[in-house]
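The values are calculated or read from the model by the stated rules, or taken from the named source; none is laboratory data. Computed from a predicted model, the values in this text were never measured in an experiment. Note: ideal-geometry Cβ built from the backbone for every residue, glycine included; neighbour counts use all protein chains shown. Heads up: the accessible areas ignore ligands, DNA and RNA and are worked out on the full protein's heavy atoms, side chains in. Shrake-Rupley method; radii C 1.70, N 1.55, O 1.52, S 1.80 Å.
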Amino acid sequence: MLIRMGSFRRPLPRSLAALLSAGLLVAAAASRRFVFEDITATCGIRFSTENGASAEKKMIETMGSGVGVLDYDRDGRPDVVFVNGGGRPGSAEASHHRLALYRNLGNHKFEDRTTAAHLNGSFDTYGMGAAVADYDNDGYPDLLLTGYPRSVLFHNNRDGTFSDVTVSAGVENLGRWATSAGWFDFDRDGRLDLVIANYVADFSWDDPRFCGDAAPGRRAYCHPDVYRGTGVTLYHNEGSGSATLLRRLDSRPPGGSALASFWRISTVTAGRTFSWPTTAL
């Protein structure tokens, strides 16, 4: 569903000077009422996520997929990329696209550019989330797809297409259930580094564990506590040319699992405040 913000129900006075002189700026701002309109049917976005629900009730089927906003063609209008879950290997959903890229045409209209941008395919993973950043500092946003059992990095070719550079960049995060990710320059070298939040450690498609009422055979989705927790994977951006290599630094604290992360830390030295990135899960 796409929602468009409409006009105010109670418009502000035309003269800002009169508003200020009357001392009513704060009161007027508080009186504004935003109106949202559902434009899904007319905007051109036709996306439905799949979770590949099965009789085995794999826990990954309970996790919703993500969405990213990026101006991938630098035309000044934010575009949208949706992430599709998919299904277990061999299922009908497993072969479906993991991404859906919609280009913003303006005037609340979008067009599907997934195939044209070379983002079509399953990429041999169950899609979870998306993280957008210009990791090679060329002025165009790149895209990371997180999922299980691998993550996929797409480099923006600056011509409306993307290339899969996962292997050459070294950020596949193979065998891990990556839920979300974020880009930040943790060592202040001018290059964005990557941290991936991993969920439980011992999930697999072939895991035979049963949750629910075993006597009548009523299977239920397992709680995360049934699995071992894990930590994050941190990649340092080495910045070695077009095929940027990222070195993996594992962080695996005992217990726990990660779904999301954010960063910032401030230090005070000689009366001056310096901001450095940090992580919080």
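General remarks:
- Ordering of 211-224, 124-137 by burial proxy (mean other Cβ atoms within 10 Å per residue, highest first): 124-137, 211-224
- Computed label-point distance, nm, for sites residue 53 and residue 174 using a 7 Å Cα→Cβ extension: 3.4 nm
- Rounded if a/c under 1.5, otherwise prolate or oblate - the range 79-132, Cα gyration tensor axes: prolate
- 3J(HN,Hα) along the range 134-141, derived from phi through the Karplus expression 6.51 cos²θ - 1.76 cosθ + 1.60 where θ = phi - 60°, amounts to 8, 6, 10, 6, 9, x, 10, x Hz, with x in place of Gly and Pro.
- Amide hydrogen proximity for residue 228: with H placed 1.01 Å from N in the peptide plane, the residues at 5 or more positions away or on another chain lying under 5 Å are 201, 202.
- Two-decimal log10 I(q)/I(0) for the range 66-165, as the Debye equation yields it once each C-alpha is a single scatterer, q = 0.13, 0.21, 0.23 Å⁻¹: -0.42, -1.03, -1.21
- In order along the range 209-214, phi translates into HN-Hα couplings of 4, 10, 10, x, 9, 5 Hz, rounded to whole numbers, per the Karplus curve 6.51 cos²θ - 1.76 cosθ + 1.60 with θ = phi - 60° and x for Gly and Pro.
- Cα gyration tensor, the range 110-155 - rounded (a/c under 1.5), prolate or oblate: oblate
- In terms of accessible area, using a 1.4 Å probe and ignoring ligands and nucleic acids, 140, 148, 235 rank largest first as 140, 148, 235.
- Backbone geometry of the range 195-204 corresponds, through the Karplus equation with coefficients 6.51, -1.76 and 1.60 at θ = phi - 60°, to 3J(HN,Hα) couplings of 10, 10, 8, 9, 8, 6, 8, 10, 6, 7 Hz, x marking Gly and Pro.
- Annotation: amide H-H contacts under 5 Å for residue 180 (H modelled 1.01 Å from N, sequence separation of 5 or more, or interchain): 197.
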